[in-house]
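Okay, so here's the structure we're looking at.
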Amino acid sequence: AGYNLLQPLADQKQTVFQGVNGAAYALLALDSGCYEVPEVPDAEMQASRDSYIAWIMEKEVPEGGWGFDGKTADTDITSMVLQALAKYRDREDVAAAVERAVVCLSEQYRNGALVSQSTCSSETYSQLIVALTELEISLEDERFVAEEKTLLDQLLTYRTEEGGFRHTMQET
């Protein structure tokens with residue numbers, strides 16, 4: 001219908017207003033088809049891949065990873081950011097942040113449970129599985145095996161008899 005879906009991603013200030021996940025989703029969208037960031041003269045802040053990466057890097061929390069509050073790493077947000085940065089991990093600054101985030105996530109998984117915003121859910125396992133796959137880290141990597149269960153084993157515990165997946169274990 002003549003609407004350029006990439007155009008809103010060119011205004012970085014508008015894209016990141018909700019947080020680091022906005023920048024991660026913008027990179028994922030742009031990289032999904034190797035799209036160029038359009039030039040938008042009336043953008044408050046013209047975006048580029050480099051500016052999104054720099055913004056994400058500035059939002060890393062002290063223990064590694066990223067979160068909604070900018071202070072504590074959240075499993076879902078960190079996994080989404082890792083998916084977005086996977087393509088750029090050959091950059092020294094990105095590689096170091098990715099490694100810190102992987103360590104942070106592996107420490108969060110030590111007891112076999114992944115929690116995001118006070119909830120253990122199938123989506124959290126899915127996000128981390130996709131992130132590790134993008135980073136070419138085996139799901140059998142010892143950092144992500146707890147009590148002899150991989151992330152995939154944990155995800156499959158959410159499977160319903162009908163073949164779907166429940167959001168949380170409390171759901172039927």
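Please go through the range 97-111 and give me each residue that is open to solvent by 80 Å² or more (accessible area, probe 1.4 Å) and at pLDDT below 95, ordered by number. Walk me through how you get there before you give the answer.
Of the range 97-111, the ones open to solvent by 80 Å² or more (accessible area, probe 1.4 Å) are 99-100, 107, 110-111.
Result: GLU107, ARG110, ASN111.
Suppose we keep only residues that are open to solvent by 10 Å² or more (accessible area, probe 1.4 Å) and without any contact (Cβ under 8 Å) to a residue 24 or more places away in the chain within the range 55-66. Which one would you say is nearest to TYR125 (Cα to Cα)? Give the steps one after another, and end with the answer.
Residues of the range 55-66 that are open to solvent by 10 Å² or more (accessible area, probe 1.4 Å), as a first pass: 55, 57-60, 62-63.
If we keep only those that are without any contact (Cβ under 8 Å) to a residue 24 or more places away in the chain as well, we get 58, 62.
Values: GLU58: 26, PRO62: 23 Å.
Looking at residues that are open to solvent by 10 Å² or more (accessible area, probe 1.4 Å) and without any contact (Cβ under 8 Å) to a residue 24 or more places away in the chain, I get PRO62.
Go over the candidates LEU155, LEU139, LEU114 one by one and state the one that is touching a strand residue (DSSP E or B) at 6+ places or on another chain (Cβ under 8 Å), in a loop (DSSP other than H, G, I, E, B) and surrounded by 15 or more Cβ atoms within 10 Å (Cβ to Cβ).
LEU139
Spot the failing condition for VAL94; the list is (1) under 27 Å from SER121 (Cα atoms); (2) surrounded by 14 or more Cβ atoms within 10 Å (Cβ to Cβ); (3) within 14 Å of the chain's Cα centre (by Cα), and only one is missed.
It fails just one condition, (1).
Restricting to the range 68-86, and then to whatever is open to solvent by 10 Å² or more (accessible area, probe 1.4 Å) and in contact with a helix residue (DSSP H, G or I) (Cβ under 7 Å, 6 or more places away or on another chain), can you tell me which residue is farthest from ALA101 (Cα to Cα)? Write out each step before concluding.
At the first step, the residues of the range 68-86 found to be open to solvent by 10 Å² or more (accessible area, probe 1.4 Å) are 68-74, 76, 80, 83.
When the remaining residues are screened for being in contact with a helix residue (DSSP H, G or I) (Cβ under 7 Å, 6 or more places away or on another chain), the result is 68, 73, 76, 80, 83.
Details: PHE68: 15, ALA73: 9, ASP76: 12, MET80: 11, GLN83: 11 Å.
Among residues in the range 68-86 that are open to solvent by 10 Å² or more (accessible area, probe 1.4 Å) and in contact with a helix residue (DSSP H, G or I) (Cβ under 7 Å, 6 or more places away or on another chain), the one farthest from ALA101 (Cα to Cα) is PHE68.
Here is a list: SER79, SER51. Which entry is hydroxyl-bearing (Ser, Thr, Tyr), part of a helix (DSSP H, G or I) and within 20 Å of SER118 (Cα to Cα)? I'd like the intermediate steps shown before the answer.
Working: SER51 fails: within 20 Å of SER118 (Cα to Cα).
When all the criteria are applied, what remains is SER79.
Could you check the range 1-44 and list, in sequence order, the residues that are exposed (fewer than 13 other Cβ atoms within 10 Å of the Cβ), within 18 Å of GLY70 (Cβ to Cβ) and under 16 Å from the mean Cα position of the chain (by Cα)?
If the condition is that a residue be exposed (fewer than 13 other Cβ atoms within 10 Å of the Cβ), within 18 Å of GLY70 (Cβ to Cβ) and under 16 Å from the mean Cα position of the chain (by Cα), then GLN18 is the only one that fits.
Under 9 Å by Cβ, and 6 or more places apart or on different chains, what pairs join a residue from the range 1-14 that is free of Cβ contacts under 8 Å to residues at least 40 places away in the same chain with one that is among the polar types (S, T, N, Q) and open to solvent by 90 Å² or more (accessible area, probe 1.4 Å)?
Close Cβ pairs satisfying both conditions: PRO8/GLN14.
Going by the conditions given, is ALA47 within 13 Å of the chain's Cα centre (by Cα), surrounded by 20 or more Cβ atoms within 10 Å (Cβ to Cβ) and over 21 Å from GLU99 (Cβ atoms)? Steps first, answer last, please.
Values: within 13 Å of the chain's Cα centre (by Cα): no; surrounded by 20 or more Cβ atoms within 10 Å (Cβ to Cβ): yes; over 21 Å from GLU99 (Cβ atoms): yes.
So ALA47 does not fit the description; no.
The values are calculated or read from the model by the stated rules, or taken from the named source; none is laboratory data. Just so it is clear, the model here is predicted, and its values are computed rather than measured. Counting neighbours? That spans all protein chains shown, and the Cβs are built from the backbone with ideal geometry, glycine included. The accessibility values were calculated without ligands, DNA or RNA, using every heavy atom of the protein model including side chains. Shrake-Rupley method; radii C 1.70, N 1.55, O 1.52, S 1.80 Å.
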